[in-house]
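Structure first, then comments.
The values are calculated or read from the model by the stated rules, or taken from the named source; none is laboratory data. Only a predicted model underlies this, so the values are computations on that prediction, with no experimental measurement involved. With ideal geometry, Cβ positions are generated from the backbone for all residues, glycine too; neighbour counts draw on all protein chains shown.
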């Protein structure tokens, strides 16, 4: 709840989120042809975006229904992240795959294939297939951040890797990075606002991504938020945003702890594996000097060996699948925090201007300048966007972690199942032999 | 009968009772008489003490007393209980006779058996000090877990000895089981310590023997292999246990962090919290798992020590064979000397031959005297050779029988140990699946 000068902030927690009209949800909003045609910064509208396709609009929905019936390759099934939007409204599908190494005189780098399938009219064609490198993704993200400062932009995998420590071209590294890029792009594509960003469109469709040109008009918009950076101090942050900040801090801390635990487990497992391998080989050695016991001993050696293989798989999975997701969420949290900070700045700017205007009004009866109202609107929009994004983020987080943790549990179960099978087959083998021996003895 | 498998003494009793084939001989249905002698020295083929008497090592207690140098010390004593088998079979349930023995007395018994029956692979005692420990296991002899495992090991030793076709008839063994006081004196009176072969003699025989029986060479080589493999395996197993312990325990940290995390979550909170509890349970489960695995380690250890006993039998063969060879050699050289004296032809270099050449032949009377002496020595030597040959033969025959018995026992026991080990692994896997399935349930509810 705000106190002091700033008044009338609609999103100070007095209204529940469901009642606050999202700026894009108004049915009166005219649908303009394309985001790259006109850019108008109108008073009530969210800066930088003219056309929004709200969730309830019928036209894309029916197109996507038809679309779905065509049984397109739906990657979202694979990662199971369906709850982003209801099935009827998904009309933009993106995939990142097929990494390839490019060697030129200047540098060596990896490109990924970015495939798009869509029914949106914002796109000229229904399908696109382009190659992009990490730099391009980074460009896209920066552009999104600049042009959609009030929204949470999903994180990218780490940009810099120490050349000596990590092999940038190893299969594992490329695989992990590609999965993260795929996730990033899918999250953007599933976001009701971000997915309509013209930069995304360019990223997905342009043959050559001319990054220097950019879309100059849009950058102007971003600057107005940047101007808020200097000189304004926030009086009082509304409670709900405080709560968000605290939650993010604690959550980030817990994820860090889990990361450390997972790393420790991997280390312990690796050392266990080393000892276990040696242990298994000793049985085979011993078998060499035995007659009757040769098969049982060999059998034990083999079972141990199978368990070693299973353990290797388990540890690899931890490194490849578990840890990257944790780390990505830490980055996601940082993104969210930065959005919260920007919101704070926006609110601070508004409060500052309001105070200044109020003083002037007192002095010489100057009416409230339009700017101040603009600021207020900005703040209100920001708060609404943020809250919507927060809810979405929370929901996604729940799904992601549910999936991650059940996946880990599954991997552990499979590991034990493999080991159990190895030992059970040995017991059967040995007991059969025993029964054989007994019958031959009594005969 | 497999007394070697890990089991509480209760199970041991049951196994002893399970024996079906032998009928109890009436003469010695009661326990041995107070004077310690077996009333019927001629025991039926295959019938052993164990079939007539139920034995178990029930408990362990701490005692304090003065040791040989009059210093106060604390030691552990073990309760040996015996009951006549037929009494049990008839449904009578007399109270068992019991006495207390400490580890050093078991050692004394074993040393006596080794000396008295050098052709038998004598069952080993459990280790004197804890070896092959992994970090959590205590190396302290007074540690209750160690004492308990030692109790089981001592019972196992007695059962093995008492079921051995040869060893089970020994009087001293009977004494040990039935007479608490004065047993030590009786053992010493047998004078077995004097009969023990000196290490030096045994060692030199190993190098000097020319023609040991092939089977003993093989067995000795095998005993080296067995010892090497089991000891390496035990060491590796301890390291594996250490590492596995670490893996499980680290998972316990998930419990705490999930709990902390659940505090800031709404819908996810319950699922996380419960999953955390399962992670705690997972971490705790390793203690029991590794405790059970110690039984397997004990079975391996028994055969590690058995390897030494096997080698002892082989060394005894080398010794007797060497002595025989030496006696034969001595006899041959004496006969040669006689021939030289008789014919005057010197075949081999001898001091006498040389002095004869230098100082001239000796007088006929002296020659006669020497010849006579030589004849006596030759006669003695022939007796000795006969004795040694018999000794060697006897040892070879009896040892071969026992080595065969040992080999079959080892194959059976170790095979069963390996199966049990596999069964334990399966049980461990099942527990793991259970815990992670439970955790998965919780995650799904998140």
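Go through the residues of segment B:401-423 one by one and say whether even a single one is facing another protein chain (nearest Cβ under 8 Å), within 30 Å of residue A:298 (Cβ to Cβ) and exposed (fewer than 15 other Cβ atoms within 10 Å of the Cβ).
So far as segment B:401-423 goes, yes, one or more of its residues are facing another protein chain (nearest Cβ under 8 Å), within 30 Å of residue A:298 (Cβ to Cβ) and exposed (fewer than 15 other Cβ atoms within 10 Å of the Cβ).
The conditions are (1) within 11 Å of chain B (Cβ to nearest Cβ); (2) modelled with pLDDT under 95; (3) assigned to a helix (DSSP H, G or I), and residue A:289 fails exactly one of them. Which is it?
Answer for residue A:289: the failing condition is (3).
For residue B:222, are the conditions met, namely being part of a helix (DSSP H, G or I) and either away from every other protein chain (no Cβ under 11 Å) or within 30 Å of residue B:275 (Cβ to Cβ) (or both)?
no
Residue-wise test of (1) surrounded by fewer than 21 Cβ atoms within 10 Å (Cβ to Cβ); (2) within 25 Å of residue A:153 (Cβ to Cβ); (3) free of Cβ contacts under 8 Å to residues at least 40 places away in the same chain.
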{"residue": "A:343", "(1), (2), (3)": "no, yes, no"}
{"residue": "A:349", "(1), (2), (3)": "no, yes, no"}
{"residue": "A:355", "(1), (2), (3)": "yes, no, no"}
{"residue": "A:360", "(1), (2), (3)": "yes, no, yes"}
{"residue": "A:364", "(1), (2), (3)": "yes, no, yes"}
{"residue": "A:372", "(1), (2), (3)": "yes, no, yes"}
{"residue": "A:376", "(1), (2), (3)": "no, yes, no"}
{"residue": "A:379", "(1), (2), (3)": "no, yes, no"}
{"residue": "A:383", "(1), (2), (3)": "no, yes, no"}
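Would you tally the residues in segment A:265-282 being farther than 19 Å from residue B:134 by Cβ and either modelled with pLDDT under 95 or under 20 Å from the mean Cα position of the chain (by Cα) (or both)?
Number of matching residues: 2.
Taking the condition part of a helix (DSSP H, G or I) and touching a helix residue (DSSP H, G or I) at 6+ places or on another chain (Cβ under 6 Å), does residue A:339 pass?
no
Can you name the residue in segment B:251-271 that is facing chain A (nearest Cβ under 8 Å) and surrounded by fewer than 19 Cβ atoms within 10 Å (Cβ to Cβ) and, of all such residues, is nearest to residue B:442 (Cα to Cα)?
B:267
Of the residues in segment A:99-115, how many are touching a strand residue (DSSP E or B) at 6+ places or on another chain (Cβ under 6 Å) and touching a residue at least 60 places away in the same chain (Cβ under 8 Å)?
Of the residues in that region, 5 qualify.
Looking at segment B:427-446, which of its residues are assigned to a helix (DSSP H, G or I), at the interface with another protein chain (Cβ under 7 Å from one of its Cβ atoms) and either crowded, with 20+ Cβ neighbours inside 10 Å or modelled with pLDDT under 95 (or both)?
Once the filter is applied, which keeps residues that are assigned to a helix (DSSP H, G or I), at the interface with another protein chain (Cβ under 7 Å from one of its Cβ atoms) and either crowded, with 20+ Cβ neighbours inside 10 Å or modelled with pLDDT under 95 (or both), segment B:427-446 yields B:429, B:432, B:436, B:439, B:440, B:443, B:444.
Evaluate the following for residue B:303: is it more than 20 Å from residue B:231 (Cβ to Cβ) and either surrounded by fewer than 20 Cβ atoms within 10 Å (Cβ to Cβ) or within 14 Å of another protein chain (Cβ to nearest Cβ) (or both)?
no
Is it the case that residue A:393 is surrounded by 14 or more Cβ atoms within 10 Å (Cβ to Cβ), more than 27 Å from the chain's Cα centre (by Cα) and part of a helix (DSSP H, G or I)?
Criteria not met by residue A:393.
In segment B:176-196, what count of residues is obtained for those that are surrounded by fewer than 20 Cβ atoms within 10 Å (Cβ to Cβ) and either within 14 Å of the chain's Cα centre (by Cα) or in contact (Cβ under 8 Å) with a residue 60 or more places away in the chain (or both)?
The number of residues fulfilling the criteria is 11.
For segment A:250-292, how many residues meet the condition of being farther than 19 Å from residue B:246 by Cβ and in contact (Cβ under 8 Å) with a residue 40 or more places away in the chain?
4
Does residue B:281 satisfy the condition of being closer than 30 Å to residue A:300 by Cα and touching a residue at least 12 places away in the same chain (Cβ under 8 Å)?
In short, yes.
Conditions: (1) facing another protein chain (nearest Cβ under 9 Å); (2) surrounded by fewer than 20 Cβ atoms within 10 Å (Cβ to Cβ); (3) assigned to a helix (DSSP H, G or I). Residue A:327 meets all but one. Number of the miss?
Against the list (1) facing another protein chain (nearest Cβ under 9 Å); (2) surrounded by fewer than 20 Cβ atoms within 10 Å (Cβ to Cβ); (3) assigned to a helix (DSSP H, G or I), residue A:327 comes up short only on (1).
Scan segment B:230-246 for residues that are in contact (Cβ under 8 Å) with a residue 24 or more places away in the chain and within 7 Å of another protein chain (Cβ to nearest Cβ) and jot them down.
Scanning segment B:230-246 gives B:233, B:237, B:239, B:244.
Within segment B:81-118, which residues are crowded, with 20+ Cβ neighbours inside 10 Å and outside any helix (DSSP H, G or I)?
Hits for segment B:81-118 are B:82, B:83, B:84, B:101, B:118.
Can you tell me which residues in segment A:408-420 are facing chain B (nearest Cβ under 9 Å) and surrounded by fewer than 17 Cβ atoms within 10 Å (Cβ to Cβ)?
A:410, A:417
The conditions are (1) at pLDDT 90 or above; (2) surrounded by fewer than 17 Cβ atoms within 10 Å (Cβ to Cβ); (3) under 27 Å from residue A:125 (Cβ atoms), and residue A:246 fails exactly one of them. Which is it?
Among (1) at pLDDT 90 or above; (2) surrounded by fewer than 17 Cβ atoms within 10 Å (Cβ to Cβ); (3) under 27 Å from residue A:125 (Cβ atoms), the lone unmet condition for residue A:246 is (3).
Run down A:432, A:400 and say which single residue is touching a residue at least 12 places away in the same chain (Cβ under 8 Å), part of a helix (DSSP H, G or I) and more than 9 Å from chain B (Cβ to nearest Cβ).
Testing whether each residue is touching a residue at least 12 places away in the same chain (Cβ under 8 Å), part of a helix (DSSP H, G or I) and more than 9 Å from chain B (Cβ to nearest Cβ) leaves just A:400.
For residue B:327, state whether it is surrounded by 17 or more Cβ atoms within 10 Å (Cβ to Cβ), under 44 Å from the mean Cα position of the chain (by Cα) and more than 14 Å from chain A (Cβ to nearest Cβ).
So residue B:327 fits the description; yes.
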